Amino acid sequence: MPAADAPPQTDPGLAAGSVLAFEEADHRNVARLGGKGAGLVRMTQAGLPVPPGFIITTDVCRERQRDGRLPAGFAQVVARYICRLEDRTSRSFGRGPAPLLVSVRSGAPVSMPGMMDTILNLGLNAETAAALARETGDRVFAAHVFVRFLRMYSEIVFGASGEGITLAAAPFISKLADEADDESFEQLAGACQAALTEDCGQRVPSDGAEQLMGAIGAVFDSWNSRRAATYRKFNGIADDLGTAVVVQAMVFGNLGAPSGTGVAFSRDPLTGEDALFGEFLPGGQGEDVVAGTTTPTKLRVAAEEMPALFADFAGVAKRLEELYRDVVDIEFTIERGRLYILQVRAAKRTARAALRCAAEFLSEGRLTEAEALGSVTLAQVRQLARPGFDAAAVTEAKAQGRRLAAGIGASPGQVSGMVSLDPDRAEEAAKSGQRILLVRPTTSPHDLHGMLAAGGILTSLGGATSHAAVVARALNKPCVVGCTALTIDPATRRFRFNGTWYGEGTELSIDGSSGEIFAGSLAIASSVESLAPMEALFAAADRLARSRIFARVATPAQVAAVLNHGATGVMIRLGDVLATSGRLQQTIDAVLAARGSGMPLGGMPEQLADLLVPLLQAANGADFMLRAIDLGTGEAAEALQTIDLFAREARLALPLGVPELIDAQARALALALERTDYHGRVHFTVRHVVDPNEMREVAAITAAAIPTALRERVAVGATITSLRGALMASDIARSAGSLWVEVRSLLAGAFGYPPAVMLTAEPLDDYLRRGLLSSDPRSALDDAMMRIFLGVAAAAVKNPACRVGVRLSGAFSEEMTAALFRIGFRAFIVDLDEVRAARIALGKQAAL
């Protein structure tokens, strides 16, 4: 027999290092050891209390998948590692007087919880069960352990139900409580084997080595089980990774007090609080806690009953957190007062906990700025900044058939509320404190008061650029439009989904991202709260990124909010301000009247200045960008419900088609600046500029409209939405103080798609599924688009006086942000609820 500390020799046909003991493997090689095995190796080598064992690497799994058999010499090598395990534990595998039992567990390189198989207590037969009973002095314990093994083995290796074994064993376990002879275990084994034979025509081998080979093969085979394959496909995990198999000496949480099994987190995974969090099951074994078949006690309760043991465990948890430099999830067992650690991995946690832990680890010096930023995702930042439905509540609602329909998700956010079919009634109900959903066939400017009062908006008609969608986005309210399954009967104050009628006042829930509509209210996962504990993380991101972030807003309250979220400036679309104030149609009527009569727009500067003054005051010195009214978009046309506007007055579709309109807005800006104590820098930009001659004319009109004393504080710029504008960027920049590229519009134009297509999941999701596009234009820049954006960025190099930035619409991807940052852009306009996500995304990229 080889010495305990000498690794067995590899047989011919088996690659070197295909089987490795915990103490001899390299924990960094997760691809071969699997996540579970790598964790056990790391803990063993750190001197933590881990039951000894060995790992059969993923190499063996892949060979079995390829050739349909285990490598030559494999069984002999495993047998020698079992001999080592016998030496380490002073126990005997497959015989008494002190039987060695082992667990056989899967361990993929990527966590796949519950997707593959585990067998516990392997090595038992009637003889060794009787020996275990004599050794422990507990016949019932030994019987339960034996039956559990038989059932698990029959289910996993043979695919049997296992229920027959449990039923057959029950009377013999009762008998064993009173009788001590070995024959009782023979009878128990016989009854269980007979039940198994009746079920599937098989018998569990009595030989331990044969059991072990069968279990290893079954665990490998579970890699290709239907549930595992489905999980991999859903989560984008490669099919050729394979799983490792961990063979480990058993310890027993069901072997007399104080014993038990538990799962713990080194910090609270819900809040991030620096306190142990978890559950403990006295008298439990193996995976009883995570299986969810029993009700454990809270960890703090167990700690009160066994303070010394759990003080030791707290020390181990802290050591693991320091070792992994992360919050960890720990599975452990206590066997008659002795602690064993069975598994460790990075802990799943809520968005709140993830950001708090990253910030605290950064402040404590455990993580570098780059590591701390890399440990959080944009999805977590967004979830914390904008609370949404609890995932379990959504799953339950779908299972109960409460998902009524889906429309087009037009403005992100999730909200529940009582349905109001009329804007007046919505306003009145909101005044009484009710959370309201305004449900309409479509909306118009006449509905604005109801839209302002509602928590969310749902329409049966319209698209992602409809009035409802445009105003909802400006107001930052969840909105679903174009729900064709919805029929509304205003006369009877009822609405219908697919044949079922509901009355006004019914509670609904809408998801402004997915477009889904649910009956009843859904629980919110978290509430918006102070992010002060995470501020160190955001500050680090800002320090690294050295970027300016402008947030698109439309009201003074939104200005104050985004500056509090860390925006360095605000972007005001004057069209949004007019829409949310109900004055957009009035303004356009004035323009049309003036064009028809030849009258100047004399009264407009005063009216617009009244809207700008409170916005400038709220900005409190932060950079202020004002984008001129733009009627040349589908958004504006639908919002005005005057699709034939440009047929009647085509000049309104051009940036300088009505020069008087640019002049009126510039004069309004000057008046507003004179009436406030705002002393920051203002960027006045015009959209759709495609030629340097246009830019020179915009600059000249603005300079003439703004008094000389204010001109130094106003940078006149252009927003590029077309390929021609992008290609002419360097020439346009010569006359511009700022140049902004609207990413969504430029991408839509380059691909030849309407801009609205870039706002919705379909039809592009279907296009991508069918392989009709090599990249997703909503989230990535391909090589051709990279060259275009590089050309725009070069304009800043050739014209240092011109600031260059990009406009990112909606929930931008980290991939696209990273590409734009690498190109050289350092100024970004984002939606108001995307400020924090932008700070983290830019900081992560800068840290690379």
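The values are calculated or read from the model by the stated rules, or taken from the named source; none is laboratory data. Note that this is a predicted model, so its numbers are computed, not measured. Virtual Cβ from ideal backbone geometry, glycine too; neighbours counted across all protein chains shown. Just the protein is used for accessible areas: all its heavy atoms, side chains included, with ligands, DNA and RNA removed. Shrake-Rupley method; radii C 1.70, N 1.55, O 1.52, S 1.80 Å.
Out of A700, A726, A704, report the one residue that is farther than 26 Å from N620 by Cβ and at pLDDT 95 or above. Please lay out each step first, then the result.
Values: A726 fails: at pLDDT 95 or above; A704 fails: at pLDDT 95 or above.
Among A700, A726, A704, only A700 is farther than 26 Å from N620 by Cβ and at pLDDT 95 or above.
When you scan segment 466-488, do you find a residue that is at pLDDT 90 or above, among the polar types (S, T, N, Q) and open to solvent by less than 30 Å² (accessible area, probe 1.4 Å), even just one?
no
Failed condition for A79, given (1) modelled with pLDDT under 95; (2) more than 24 Å from K348 (Cβ to Cβ), with all others met?
Unmet for A79, out of (1) modelled with pLDDT under 95; (2) more than 24 Å from K348 (Cβ to Cβ): (1).
Residues in segment 692-715 that are farther than 18 Å from F624 by Cβ and either charged (D, E, K, R) or not in a helix (DSSP H, G or I) (or both): how many?
Count: 3.
Within segment 783-806, track down each residue that is over 13 Å from L747 (Cα atoms), open to solvent by less than 60 Å² (accessible area, probe 1.4 Å), in contact with a strand residue (DSSP E or B) (Cβ under 7 Å, 6 or more places away or on another chain) and not in a helix (DSSP H, G or I). Talk me through it step by step, then tell me what you get.
Step one: list which residues in segment 783-806 are over 13 Å from L747 (Cα atoms), which gives 790-805.
With open to solvent by less than 60 Å² (accessible area, probe 1.4 Å) added as a condition, the list becomes 791-796, 799, 802, 804-805.
Okay, now just the ones that are also in contact with a strand residue (DSSP E or B) (Cβ under 7 Å, 6 or more places away or on another chain), so 792-793, 795-796, 802, 804-805.
Passing the criteria: C802, V804, G805.
Could you grab me the full set of residues in segment 451-467 that are of a type outside the set (S, T, N, Q) and closer than 18 Å to A761 by Cα?
Residues of segment 451-467 of a type outside the set (S, T, N, Q): 451-458, 461-464, 467.
Answer for segment 451-467, where residues must be of a type outside the set (S, T, N, Q) and closer than 18 Å to A761 by Cα: L458, L461, G462, G463, A464.
Quick one: which of A25, A31, A3 is out of contact with any Phe, Trp or Tyr (no Cβ under 6 Å at 6 or more places or on another chain), assigned to a loop (DSSP other than H, G, I, E, B), at pLDDT 80 or above and at negative phi? Show your work before the answer.
On the way: A31 fails: assigned to a loop (DSSP other than H, G, I, E, B); A3 fails: at pLDDT 80 or above.
Residue meeting the stated conditions: A25.
Filter segment 385-403 down to the residues that are open to solvent by 50 Å² or more (accessible area, probe 1.4 Å), closer than 26 Å to A354 by Cβ and not charged (D, E, K, R), then identify the one that is nearest to the chain's Cα centre (by Cα).
Of everything passing the filter in segment 385-403, A391 is nearest to the chain's Cα centre (by Cα).
Which ranges mark the strands (runs of 3 or more DSSP E) fully within segment 206-285 that have 1 or more residues being of a type in the set (S, T, N, Q)? Step through it out loud before you land on a result.
Details: elements: 244-249, 260-265, 277-282.
Output list reads 244-249, 260-265.
May I ask you to list the residues in segment 129-152 that are closer than 11 Å to L176 by Cβ and open to solvent by 30 Å² or more (accessible area, probe 1.4 Å)?
Going residue by residue through segment 129-152, those that are closer than 11 Å to L176 by Cβ are 129-130, 133, 138-144, 146-147.
Within segment 129-152, D138, R139, V140, H144 meet the criteria.
What pairs can you find where one residue is in segment 481-500 and assigned to a loop (DSSP other than H, G, I, E, B), the other is open to solvent by less than 30 Å² (accessible area, probe 1.4 Å) and among the aromatic types (F, W, Y), and their Cβ atoms are less than 8 Å apart, with a gap of 6+ or different chains?
A485/F497
Please determine, by comparing only the residues of segment 323-352 that are assigned to a helix (DSSP H, G or I) and of a type outside the set (A, V, I, L, M), which one is surrounded by the most Cβ atoms within 10 Å (Cβ to Cβ). If you could, list the steps in order and put the result at the bottom.
Step one: of segment 323-352, the residues assigned to a helix (DSSP H, G or I) are 323-324, 351-352.
Remaining after also requiring of a type outside the set (A, V, I, L, M): 324, 352.
Numbers: Y324: 17, R352: 23.
The selected residue is R352.
Within 27 Å of F74 (Cβ to Cβ), without any contact (Cβ under 8 Å) to a residue 24 or more places away in the chain, under 48 Å from the mean Cα position of the chain (by Cα) and open to solvent by 10 Å² or more (accessible area, probe 1.4 Å): which single residue out of E163, E155 fits that description?
E155
Considering only residues that are among the small types (G, A, S) and modelled with pLDDT of 90 or more, look in segment 562-599 and name the one that is surrounded by the fewest Cβ atoms within 10 Å (Cβ to Cβ). So that I can check it myself, show each step before the final result.
Applying the first criterion (among the small types (G, A, S)) to segment 562-599 yields 566-567, 569, 575, 579, 581-582, 590, 593-594, 596-598.
Next, from what is left, pick out any that are modelled with pLDDT of 90 or more: 566-567, 569.
Details: G566: 18, A567: 28, G569: 23.
Restricting to residues being among the small types (G, A, S) and modelled with pLDDT of 90 or more, the top hit is G566.
Filter segment 807-848 down to the residues that are part of a loop (DSSP other than H, G, I, E, B), open to solvent by less than 10 Å² (accessible area, probe 1.4 Å) and not aromatic (F, W, Y) and list them by number.
The one that is part of a loop (DSSP other than H, G, I, E, B), open to solvent by less than 10 Å² (accessible area, probe 1.4 Å) and not aromatic (F, W, Y): L808.
Taking A780, is it open to solvent by less than 40 Å² (accessible area, probe 1.4 Å), more than 23 Å from L626 (Cβ to Cβ), of a type in the set (G, A, S) and assigned to a loop (DSSP other than H, G, I, E, B)?
Values: open to solvent by less than 40 Å² (accessible area, probe 1.4 Å): yes; more than 23 Å from L626 (Cβ to Cβ): yes; of a type in the set (G, A, S): yes; assigned to a loop (DSSP other than H, G, I, E, B): yes.
Answer is yes for this residue.
Considering segment 353-367 alone, what residues qualify as being open to solvent by 50 Å² or more (accessible area, probe 1.4 Å) and either part of a helix (DSSP H, G or I) or of a type in the set (A, V, I, L, M) (or both)? Full working, then the answer.
Pass one, segment 353-367, residues open to solvent by 50 Å² or more (accessible area, probe 1.4 Å): 356, 363-366.
Hits for segment 353-367 are R356, S363.
Return the total of residues in segment 91-116 being in contact (Cβ under 8 Å) with a residue 24 or more places away in the chain, open to solvent by 20 Å² or more (accessible area, probe 1.4 Å) and not in a loop (DSSP other than H, G, I, E, B).
Within segment 91-116, residues that are in contact (Cβ under 8 Å) with a residue 24 or more places away in the chain, open to solvent by 20 Å² or more (accessible area, probe 1.4 Å) and not in a loop (DSSP other than H, G, I, E, B) number 1.
Tell me, which residue of segment 715-737 that is surrounded by fewer than 22 Cβ atoms within 10 Å (Cβ to Cβ) and in contact with a Lys or Arg (Cβ under 9 Å, 6 or more places away or on another chain) is nearest to R787 (Cα to Cα)?
S730
Please state which of the following conditions L759 fails to meet, knowing it meets all the rest: (1) within 24 Å of the chain's Cα centre (by Cα); (2) open to solvent by less than 40 Å² (accessible area, probe 1.4 Å); (3) in contact (Cβ under 8 Å) with a residue 12 or more places away in the chain.
Condition (2) is where L759 drops out.
Which of the residues belonging to segment 404-455 are surrounded by fewer than 17 Cβ atoms within 10 Å (Cβ to Cβ) and basic (K, R)?
K431, R435
Suppose the filter is more than 28 Å from E606 (Cβ to Cβ) and among the hydroxyl-bearing types (S, T, Y); does S738 pass it? Let's see the steps before the verdict.
Details: more than 28 Å from E606 (Cβ to Cβ): no; among the hydroxyl-bearing types (S, T, Y): yes.
So S738 does not fit the description; no.
Here are some residues: A653, A664, A672. Which one is modelled with pLDDT of 90 or more and either within 45 Å of the chain's Cα centre (by Cα) or closer than 20 Å to A560 by Cα (or both)? Before you say what the answer is, go through the steps one by one.
Numbers: A653 fails: modelled with pLDDT of 90 or more; A664 fails: either within 45 Å of the chain's Cα centre (by Cα) or closer than 20 Å to A560 by Cα (or both).
The match here is A672.
Identify all residues within segment 675-705 that are under 25 Å from L723 (Cα atoms), open to solvent by less than 10 Å² (accessible area, probe 1.4 Å) and over 40 Å from the mean Cα position of the chain (by Cα); write none if there are none.
Correct list: M695, V698.
Going through A249, A209 one at a time, which residue ends up being in contact with a strand residue (DSSP E or B) (Cβ under 9 Å, 6 or more places away or on another chain), under 21 Å from F146 (Cα atoms), at pLDDT 95 or above and surrounded by fewer than 16 Cβ atoms within 10 Å (Cβ to Cβ)?
Values: A249 fails: surrounded by fewer than 16 Cβ atoms within 10 Å (Cβ to Cβ).
Exactly one residue qualifies, and that residue is A209.
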